[in-house]
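The values are calculated or read from the model by the stated rules, or taken from the named source; none is laboratory data. Note that the coordinates shown come from a computational prediction; the quantities given were computed from them, not determined experimentally. Quick reminder, even Gly has a Cβ in these numbers, built from the backbone with ideal geometry, and neighbours come from all protein chains shown. Surface areas here come from the heavy atoms of the whole protein model, side chains and all, with no ligands, DNA or RNA. Shrake-Rupley method; radii C 1.70, N 1.55, O 1.52, S 1.80 Å.
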Amino acid sequence: MMSCRSKVLTGFFAAALFAAPHAAMAKAELPGDPNVLITDKMIKDIREWLANPVVSLSINSQNRLRTDMTQDQIDAADAQWRAEREADDQPLVAAILTNPLSSYLTQVQARSGGLYAEIFVMDSKGLNVGQSSITSDFWQGDEGKFQNTYPNGPNAVFIDEAEYNEDTDTWRSQLNMTMSDENRQPIGAVTIEVNLNELVRRGGQ
């Protein structure tokens with residue numbers, strides 16, 4: 001028969017075993033205000049790689065193709081995208097993820113070494129044109145990332161609130177900007193999800 005002392009010790013060690021994983025998953029501390037961490041210099045550097053012709057060419061091409069698209073059609077395309085995320089057959093998702101712009105954005109994200117967690121570019125209606133990874137939806141036109149950029153002119157920048165990512169134990173913030181043509185006319189928008197912990201580790205950009 002197990003003594004009372006043995007039972008206490010056994011209970012103690014069992015509790016310790018169950019507590020250990022939770023201790024290891026302690027939530028990372030927010031490294032700072034994203035509006036301070038994401039500097040003008042960083043934004044300028046990002047604009048430089050966004051100046052690659054594949055970006056504007058891709059946006060303009062999709063704007064021409066979707067110029068007469070109605071809201072009902074946009075909603076239907078968004079619903080199709082969401083359904084395809086869970087399906088084996090993914091014609092719309094595949095068409096976006098395999099285009100030249102998505103390939104370029106995937107390379108940019110890979111070269112960032114963890115600084116950029118996600119990048120996606122939108123057209124004048126807020127529909128995805130290219131992206132580094134699959135997004136939850138196809139239409140961003142009803143979200144702040146688009147509503148606070150494209151309609152507000154070529155210089156609009158919107159840095160969203162920091163959010164904690166449990167999978168990577170990091171804090172992230174979305175940097176959103178209007179995309180413009182050579183005449184400074186808005187043609188779309190871009191979202192870059194920045195890993196704030198990695199940004200601070202590098203001492204800023």
(request) May I ask for the distance between the Cα centers of the range 155-178 and the range 185-205, given as a whole number of Å? (result) 7
(request) Give me the accessible area of residue 85, 1.4 Å probe, in Å² rounded to the nearest 10. (result) 90
(request) Kindly write out, for the range 133-143 in residue order, the coupling ³J(HN,Hα) from the Karplus curve 6.51 cos²θ - 1.76 cosθ + 1.60 (θ = phi - 60°), rounded to whole Hz, with x marking Gly and Pro. (result) 7, 5, 8, 5, 9, 9, 10, 10, x, 9, 10
(message) Accessible area per residue for the chain in Å², computed with a 1.4 Å probe and the full protein assembly in place, what is it?
(response) 56
(request) With a 1.4 Å probe and all protein chains in place, put 191, 98 in order of accessible area, largest first. (result) 98, 191
(request) At a 1.4 Å probe radius, which order do 194, 157 fall into by accessible area, largest first? (result) 157, 194
(message) Please return the longest range in the chain lying between exposed loop sites, taking GluC sites (Glu not before Pro), DSSP loop only, at most 11 other beta-carbon atoms within 10 Å, and leaving the sites out.
(response) 87-160
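Can you give the extra length, in nm with one decimal, that the chain gains between residue 51 and residue 168 once fully stretched, where that is 0.36 nm per residue apart less the Cα-Cα distance? Don't skip to the end; give the middle numbers.
Numbers: separation 117, 0.36 × 117 = 42.12 nm, distance 3.00 nm.
Stretched out fully, the residue 51 to residue 168 stretch lengthens by 39.1 nm.
For the chain, which whole percent of the accessible surface, found with a 1.4 angstrom probe, sits on carbon and sulfur atoms?
53
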(request) Work out the P(r) tail for the range 52-205: percent of alpha carbon pairs separated by more than 24 Å, whole number. (result) 33
(message) Let me check I've understood the local charge: for residue 135, count other residues with C-beta under 13 angstrom from its C-beta, Lys and Arg +1, Asp and Glu -1. What total comes out?
(response) -3
